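Just below is one structure, and these are the notes that go with it.
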Ligand SMILES: Cc1cc2nc3c(=O)[nH]c(=O)nc-3n(C[C@H](O)[C@H](O)[C@H](O)COP(=O)(O)OP(=O)(O)OC[C@H]3O[C@@H](n4cnc5c(N)ncnc54)[C@H](O)[C@@H]3O)c2cc1C
């Protein structure tokens, strides 16, 4: 469906959630690159999301879920169809005993803060990972040997058909969650351990301090670009290949952490993707190892 048709269709519907047309996604990604989404919608309730999902299914409109945009490269031509953000409406959190449940649009930092305040330990090593809970579950985000999947009891997902069901922790593997095709993550539930709020806070602060020293936090980036191959670190391979500082247009391999690419200003998605190819080629030639992307790449050229 063309974007003008989409706009016309939207006007005829009884769906009142906020929507932006032709919205530049560079404004919604940490890299600050990416063309426009035909439409970016912010459902306020699960009922609205369900309606939207069914609508997209009925009309065959492509859909994409945007989290915090912190592990994402949107190509320069942008995204056709509907991009959905759960951040404004589906971001509620609750604690019952040792269980914490949060909707996918909640900020991961907010989830960690709530756990800390309630004296619930386990998630604190994830401190400093930006983005939403949905994005963290999608990519099984992790740091310091901890992955979010290991602490997750259940994940509520909405399937392509708008059917809602629960999946468990067995669906997680290294930087991956086995989300059925066309589904989205609605909510996740964690079983945590009782701990001292002060100790948890201290550990979170230590993690943040460590990140400030080892990652280019003041720059526009998307975290680690490549997954760690079995038994080694992608960053070390890139560093040993002498690629720190290598640039393409406005994009450069970070001089602080070689597995980060940074937008030095004015980079396009094309610059970043070309630089990624150059890095992969150099590592393959020098080390005989083929790097696999951790960052998600979407959209049209
Ligand atoms: C400075 C910095 C440091 C980082 N450090 C780490 C780190 O230590 N460890 C780590 O693992 N990552 C790290 N990252 C990467 C990133 O923060 C995580 O991968 C984060 O969990 C992505 O969440 P997001 O909401 O931003 O997802 P996005 O980038 O918006 O999306 C990523 C993918 O998740 C999908 N998605 C998002 N929400 C949903 C949903 N509700 N349902 C279905 N699919 C969904 C999107 O469609 C997309 O395919 C870092 C990034 C930065 C910028």
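Every read-out reported here was derived from the displayed coordinates using simple, explicitly stated rules and does not represent laboratory data. Here the structure is a predicted model, which means the values were calculated and not measured. Glycine gets a Cβ as well: all are built from the backbone with ideal geometry, and neighbour counts include every protein chain shown.
Remarks
- Spin-label zone in the stretch 1-36 - amide nitrogen under 12 Å from a point set 7 Å from the Cα of residue 44 along the C-beta vector: 15-19
- Label separation (residue 214 vs residue 3): 4.1 nm, computed from points 7 Å beyond Cα along the C-beta direction.
- Computed FRET value (nearest 0.05) for residue 153 with residue 247, which takes r as the C-beta separation and R₀ as 51 Å: 0.70
- Over the stretch 31-77, volume per residue of the alpha carbon convex hull, in Å³: 88
- Using only Cα coordinates, the Kirkwood hydrodynamic radius of the stretch 3-85 works out to 12.9 Å.
- Looking at the chain, the DSSP beta bridges with both ends there are about 80 percent antiparallel.
- Rounded FRET efficiency, nearest 0.05, which uses the C-beta distance separating residue 88 from residue 297 and R0 of 30 Å: 0.75
- Peptides 167-178, 250-261, 36-47 ordered by packing proxy, namely the average of other Cβ atoms within 10 Å per residue, highest first: 250-261, 36-47, 167-178.
- Paramagnetic reach from residue 206 (point 7 Å along Cα→Cβ, amide N under 20 Å) across the stretch 87-120: 112-120
- For the stretch 93-214, pairs of C-alpha atoms spaced more than 21 angstrom apart make up 34 percent of the total.
- Per-residue Cβ neighbour counts within 10 Å put 221, 232 in the sequence 232, 221, beginning with the fewest.
- Alpha-carbon Rg with Dmax, taken over the chain, Å: 19.7, 58
- Ordering 291, 163 from the fewest to the most neighbouring beta carbons within 10 Å gives 163, 291.
- Going by neighbour counts of Cβ atoms within 10 Å, the residues 295, 111 line up, fewest first, as 295, 111.
- Label zone (residue 277, point 7 Å along Cα-to-C-beta; backbone nitrogen cut-off 18 Å) within the stretch 219-254: 226, 246-253.
- With the alpha-carbon atoms of the stretch 226-299 aligned to their principal axes, the span from lowest to highest coordinate is 35, 26, 19 Å, starting with the largest.
- Rounded to 0.05, the FRET efficiency of the residue 27 and residue 287 pair, given R0 = 35 Å and the Cβ-Cβ distance, is 0.40.
- Distance from the stretch 118-159 to the stretch 33-108 (C-alpha centre basis), Å: 17
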